[in-house]
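Notes follow once the structure below has been shown.
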Amino acid sequence: MRIKVINPNTTSSMTEVIAAAARAVAAPGTEIVAATSPMGPASIEGHYDEAVSVIGLLEEVRRGETEGADGYVIACFGDPGLLAVREIARGPVLGIAEAAMHVASFVATGFSIVTTLGRTRIIAEHLVRNYGMEHHCRRVRATELPVLELENPASGARRIITEECRRALAEDGSGAIVLGCAGMADLAAHIAREIGAPVIDGVAAAVKLVEALVGLGLGTSKTGDLAWPLPKRYTGPLAHLEPFSGGSGAS
Ligand code: 2AL
């Protein structure tokens with residue numbers, strides 16, 4: 001089985017962290033194809049970044065459809081473009097936020113999300129409501145760490161995030177932590193040991209859920225609103241994204 005894991009930002013060092021987390025949990029027969037968006041923002045920390053990031057993401061999924069990907073993981077905690085990607089994919093597509101929240105709800109009655117900048121909290125809060133997780137998510141906490149600082153050892157990111165996770169358990173009444181950024185994928189095991197509670201990285205969770213869905217023979221429904229996009233003329237610099245009847249338009 002081939003799972004394409006796409007980092008929708010353009011920072012390839014973050015893709016390496018994501019790929020390592022994905023490969024660490026992948027089953028022996030699973031090939032992880034990790035991709036970095038070819039265009040757009042270096043990190044995604046707001047609505048504008050998120051909107052622009054979707055174009056590069058869609059290009060990678062169109063390529064994945066020609067490369068025989070069996071499923072996809074969108075490795076950014078805002079799950080940018082999730083439904084648009086589902087429209088052009090045959091196999092299952094999971095965002096890391098939805099995967100992490102669902103997995104957390106299986107191992108605790110309540111969880112807290114620990115994310116990066118305060119301005120991204122609203123993105124996570126919208127997703128909590130979209131996914132019907134209001135009764136499970138007790139709080140979204142920000143560390144005020146910019147995404148790219150997660151890679152800087154001098155930022156103290158590991159310590160800052162661990163302390164926020166500890167506070168979440170103590171103050172929110174949560175039994176598990178969801179890490180709110182793909183760039184935190186390498187921290188889950190360490191923080192879980194430190195705080196003594198489940199810590200869910202969405203990249204690993206999404207890979208295991210895509211494996212399960214493919215194993216069940218399930219792909220994205222092509223009946224209803226997730227059917228292939230309607231064929232029509234696209235113009236300007238995005239003309240190459242034009243869909244055709246009965247497919248993603250990928251060529
Ligand atoms: C993210 C993420 O997962 N990747 C990225 O560039 N921004 N999420 C976040 N909350 O900052």
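Coordinate-derived values only; no laboratory data. Everything numeric here is computed off the predicted structure, so don't read it as measured data. Every residue, glycine among them, receives a Cβ derived from its backbone with ideal geometry; neighbour counts consider all protein chains shown.
Table for the structure above
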item	result
Spin-label model distance (nm) - residue 25 vs residue 225, 7 Å beyond Cα toward Cβ	2.7
Euclidean distance of C-alpha centroids, segment 1-67 and segment 119-190, integer Å	20
Nearest 10 degrees, 0 to 90: helix 47-67 Cα axis against the chain principal axis	60
Distant-in-sequence amide H partners of residue 115 (H built 1.01 Å from N, under 5 Å)	141, 142, 143, 180
Spin-label model distance (nm) - residue 238 vs residue 212, 7 Å beyond Cα toward Cβ	3.4
Alpha carbon convex hull of segment 97-202, volume per residue in cubic angstrom	80
Relative exposure of 232, 222, 208, 4, judged by other C-beta atoms within 10 Å (fewest first)	232, 222, 208, 4
Ellipticity estimate at 222 nm from DSSP helix runs (n ≥ 4, -39,500 (n - 2.57)) divided over the chain, nearest 500	-12500 deg cm²/dmol
Peptides 152-161, 183-192, 46-55 ordered by average Cβ neighbours within 10 Å, highest first	183-192, 46-55, 152-161
Alpha carbon convex hull of segment 1-109, projected area averaged over orientations, nm²	7.0
Stretch gain in nm, segment residue 158-residue 106, where the contour uses 0.36 nm per residue and the Cα spacing is subtracted	16.2 nm
Rounded to whole Å, sorted largest first: equivalent-ellipsoid semi-axes of the chain, Cα gyration tensor	30, 19, 17
